[in-house]
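The structure appears right after this line, and notes come after that.
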Amino acid sequence: MIRKEDCYKIGRLGKAHGVKGEVSLQFTDDVFDRADADYLILDVDGILVPFFMEEYRFRSDCVALVKFCDVDTQQRAAELTNCEVWFPRTLTPEDDEPTLAGLVGFEVIAKEQGARDKKQGTIGRIAAIDDSTANLLFELEDGTLIPANDDLIEDIDMEGRKITMNIPEGLLAL
C-alpha cells in the first residue's frame, strides 16, 4: 500500500487528449522527467495507485501529455480527469535541490531565537504550499501560515523530513 507520506503531490490530470488514451498533466514539479521513473501515482477515489507510463511529451512548461499503460481509449482517459498526481520520494534524484512540492509533509522546527522568544521546537507539519500571492507560504496542518522565505530557512533535513527555521518573534501569534 502506498502512503501519502512516502510521496508528494506534483500535479493534477486534466482532460483526455485525442482518442488513444492520452491525458494532460498540469504539473508543478517536473521530477518525473529528471528521475528514472516508470510510473506516477494517481489518487483514485482516495487510494494511491501506481500508473505506468508508456510515454509522455511536454506541451508547455507546466503541461505534459501522458499515455499510461492500459489506458487506450478517450473514455478511459476521461475517467482519470482531476486525479491528483503524486511522485514517490524514493525515486527523487539525490542530487536534486528540494522543490516546494517535495516539502509537503515535513515538520517545521523553530530555532531558538533568544531569551524573550519562548517558541522553539516543533511548530507543525506542512500540509500545503500557498503560492497564490507574491510571498510563498507554508500552510501547516493546523492552518498556521509561515513565510517560505530563504532568509528564514536555516536548514532542510531531507532524510529526517524536517525544516529548521528562524521564526521572528510574534509571527506565530498572528
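Which of the numbered conditions does ASP96 fail, given that it passes all the others? Conditions: (1) over 11 Å from the mean Cα position of the chain (by Cα); (2) at pLDDT 85 or above.
ASP96 satisfies all of (1) over 11 Å from the mean Cα position of the chain (by Cα); (2) at pLDDT 85 or above except (2).
I'm trying to understand the selection: among the residues of region 1-55, which are of a type in the set (Gly, Ala, Ser), closer than 20 Å to GLY105 by Cβ and in a strand (DSSP E or B)? Talk me through it step by step, then tell me what you get.
Quick first cut of region 1-55, residues of a type in the set (Gly, Ala, Ser) only: 11, 14, 16, 18, 21, 24, 35, 37, 46.
Of the ones still in play, those that are also closer than 20 Å to GLY105 by Cβ are 11, 35, 37, 46.
Result: GLY11, single match.
Of all residues in region 105-128, which are among the aliphatic types (A, V, I, L, M), at pLDDT 75 or above and either on the phi > 0 side of the Ramachandran plot or open to solvent by 40 Å² or more (accessible area, probe 1.4 Å) (or both)?
Of the residues in region 105-128, the ones among the aliphatic types (A, V, I, L, M) are 108-110, 115, 123, 126-128.
Adding the requirement that they be at pLDDT 75 or above leaves 108-110, 123, 126-128.
Residue satisfying the conditions is ALA127 alone.
Quick one: how many residues across region 150-167 are surrounded by 13 or more Cβ atoms within 10 Å (Cβ to Cβ) and either farther than 23 Å from PRO93 by Cβ or of a type in the set (A, V, I, L, M, F, W, C) (or both)?
Residues in region 150-167 being surrounded by 13 or more Cβ atoms within 10 Å (Cβ to Cβ) and either farther than 23 Å from PRO93 by Cβ or of a type in the set (A, V, I, L, M, F, W, C) (or both): 10 in total.
Output the residues belonging to region 4-48 that are open to solvent by 20 Å² or more (accessible area, probe 1.4 Å), without any contact (Cβ under 8 Å) to a residue 60 or more places away in the chain, of a type outside the set (D, E, K, R) and farther than 27 Å from GLU159 by Cβ.
Residues satisfying the conditions are GLY18, VAL19, GLN26, VAL44, GLY46, ILE47.
The values are calculated or read from the model by the stated rules, or taken from the named source; none is laboratory data. Quick caveat: nothing in here was measured; it's all calculated off a predicted structure. Virtual Cβ from ideal backbone geometry, glycine too; neighbours counted across all protein chains shown. Accessible surface areas use protein heavy atoms only, side chains included; no ligands, DNA or RNA. Shrake-Rupley method; radii C 1.70, N 1.55, O 1.52, S 1.80 Å.
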